[in-house]
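What follows is a single structure, written as structure tokens, with notes after it.
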Amino acid sequence: MPTMLGPVSTWEDHGVERTGTLPNDWYTSTELFELERRTFFREVWHCVGRVEQVAEPGRFFTCEVANEQVVVARGRDGELRAMSNVCLHRAGPVAMGCGQRNAFQCPYHGWTFELDGRLRRARGMEGTEEFEPAKLRLPQFRVGTWGPTVWVTLDDAAPSLDEWLADVTPRLANYRVDRLQFAGGRRWRIRCNWKMYVDNYMEGYHIPFVHPGLAQSLSPSIYTYRLGDYTNEQYGGEPHPRGPGSRVAGILGGTQEFRKLKPPMPGLDESERTGYYFHWVFPLTTINFTPDGLLMFTVRPVGPELTESTFLWWLPEATSFEERLLQAAIVNFGHLVNTEDYEICEHAQKGMQSSVYHRGRYAATQEMCLHHFHRLLTSHMRPHLEAWEAEHRGPANGAVVHGNGHGHAAVPGSAR
Amino acid sequence: MTTAHADAAVLEGDLVAFFDRFLTSADGAAAAAAAAALDAPAVLELRCTDPDVVLHVDVGARTVARGPAEAPGAVAEIAARDLDDLLLERLGPVEISRLLEEGRAHLEGPPPALAALLILAGRLQPHYPATLRERGRDDVLAAPGPEIGVIWEAEGPPPSLVGQRRPWQRARPSRATD
């Protein structure tokens, strides 16, 4: 019988070699998803937009973080702020979409706010007592920038963004990210839990089966992992960077000549020229440095079994039509890979509903990043699960054993 | 039907002039020399839609002709308006990829032929705006392109890919079943 903590089965870490993967109810439980949204998602840093969107005073964009409506704006003083995008009057949006404004005005009743969130004018409030507009301001959230991106957390106690991204930041220099241009991106809505999609990113074990094109671009013998505090890194080396070349599927349908046609960006060291650094940032962002540019993708949990994934591309300015076509081939290849991931994640999400599957095992030498993710997630969730347990079952109960009728309490395949 | 290409005969005339201009230029000569090294026939069949025009270009022989090719090395299918946006450099890499991802542009042929087509496209492209200028097609040149650098989302789910062999993958030796 699995032990339950809060709405889901417990996960105890005995090392990647001896631990079962996250139980299936972590991927299907509506209660857990609501708990994550009320607690965990508020406590972490989210990549919400691009610096170029708020480059000048008055520029702004809106976003949603853990069900919180947020507007990010550059003030007249040049300061970047993240504020509640909920009007203090009757909860209308003070800003919509993105653009440039001198002030924000709620379209519901016309209350107007300065770019820094202070209430400028509340029309028609004469006769309302104990109402002091000068004291009212939209609640502020923590905001920071990293490279070309803007990040927000709703938690005042979260570590700084610099600390959060400390292991990734050194890569910015060689890739000259400040010289790359935002080229656009693509969004997918995937019918799976957000953890299913993140799990999939955490290992290269699936590449030969799910990504036959990528498998021919990365060498299994040059695939390494490194774990950090809030990030982990996978490195995949191209098999023959200067020989026959990588086979890149997509627009070319696989060509031996790709790397000859499209040399790596200048300024990269040997490993950067000949491989891909895949960084995961706990819990919902990936930062991928490639010889051809920067690809990030952000994950937005929409529902217990619905996730939004957005690819964002930063590439060097193409100096010729041919180079732009080659960049298109790279984009096409990246989107093909994600489409493959999309599909397998939806299949595996259906599997998580199975009555005879509870959890699996880690491939100890290939899924340590996955284990790292589960370890970080469960340690962050534990106090919230305990609080949920106390609230729903009473503090005396603690962690209680519940049967789910499947009898899969033990780690399958483990020595007992 | 787009306003810039309302008439298939006019589009065909533009495209024939474009390929003629390229093939008779130094770029065309260089492409013909490179084509001699290809294993596949250096014949591109271009199928334009909206309005419909089919041409084939023999890069080696430096000729362009109306209608489909007998043995094309590569086939490219694309709407006339998208071809304009592509060859008039109104698209970034994400938008070019999107043409393929949404099936608005389609390429067929063995990888070496498609790689050669890509290199050919680099030499070919400058001749398109030049041809349009020479033919007074200011309407095509002035037509606005799409917004670029945006994040797009497909309407439906993507095609099924997992477990399916790709055209460029080597076939596995079949296993005896009896």
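Here is how the numbers come out for the structure above:
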| quantity | calculated |
| --- | --- |
| Candidate set: segment A:46-83, residues that are acidic (Asp, Glu) and under 18 Å from A:Val302 (Cβ atoms); chosen: the one farthest from the chain's Cα centre (by Cα) | A:Glu68 |
| Pair list, Cβ < 9 Å and 6+ apart or interchain, from segment A:302-314 residues that are more than 10 Å from chain B (Cβ to nearest Cβ) to residues that are of a type in the set (Gly, Ala, Ser) and assigned to a loop (DSSP other than H, G, I, E, B) | A:Pro304/A:Ser29; A:Trp314/A:Gly147 |
| Selection within segment A:186-214 - crowded, with 19+ Cβ neighbours inside 10 Å, facing another protein chain (nearest Cβ under 10 Å) and in contact with a Lys or Arg (Cβ under 9 Å, 6 or more places away or on another chain) | A:Arg186, A:Pro212, A:Gly213 |
| Odd one out for A:Glu272, checked against (1) touching a residue at least 40 places away in the same chain (Cβ under 8 Å); (2) acidic (Asp, Glu); (3) within 14 Å of chain B (Cβ to nearest Cβ) | (3) |
| Residue satisfying all of: in segment A:331-351; facing chain B (nearest Cβ under 7 Å) and aliphatic (A, V, I, L, M); surrounded by the most Cβ atoms within 10 Å (Cβ to Cβ) among these | A:Val331 |
| Any hit, segment A:213-230, residues being over 30 Å from B:Ile96 (Cα atoms), assigned to a helix (DSSP H, G or I) and at pLDDT 90 or above | no |
| Test: B:Leu120 is buried (at least 18 other Cβ atoms within 10 Å of the Cβ), touching a residue at least 40 places away in the same chain (Cβ under 8 Å), more than 10 Å from chain A (Cβ to nearest Cβ) and over 14 Å from A:Ala328 (Cα atoms) | no |
| Selected residue (only one of B:His56, B:His106 is surrounded by fewer than 23 Cβ atoms within 10 Å (Cβ to Cβ), away from every other protein chain (no Cβ under 14 Å) and without any contact (Cβ under 8 Å) to a residue 40 or more places away in the chain) | B:His56 |
| Residue that is outside any strand (DSSP E or B), within 12 Å of chain A (Cβ to nearest Cβ), buried (at least 21 other Cβ atoms within 10 Å of the Cβ) and charged (D, E, K, R), where the choices are B:Glu89, B:Glu95 | B:Glu95 |
| Residues that are more than 25 Å from A:Glu56 (Cβ to Cβ) and of a type in the set (Asp, Glu), drawn from segment A:113-164 | A:Glu126, A:Glu129, A:Glu130, A:Glu132, A:Asp155, A:Asp156, A:Glu163 |
| Of residues in segment A:140-172 being among the charged types (D, E, K, R) and in a loop (DSSP other than H, G, I, E, B), the one surrounded by the most Cβ atoms within 10 Å (Cβ to Cβ) | A:Asp167 |
| Boolean, B:Pro157 is within 13 Å of another protein chain (Cβ to nearest Cβ), more than 17 Å from the chain's Cα centre (by Cα) and farther than 19 Å from B:Val16 by Cβ | yes |
| Residue check for B:Glu101: farther than 24 Å from B:Pro72 by Cα, surrounded by 18 or more Cβ atoms within 10 Å (Cβ to Cβ), acidic (Asp, Glu) and within 8 Å of chain A (Cβ to nearest Cβ) | no |
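The values are calculated or read from the model by the stated rules, or taken from the named source; none is laboratory data. The structure displayed is predicted, hence computed values, not measured ones. Positions of Cβ are generated from backbone atoms using ideal geometry, with glycine treated the same way; all protein chains shown enter the neighbour counts.
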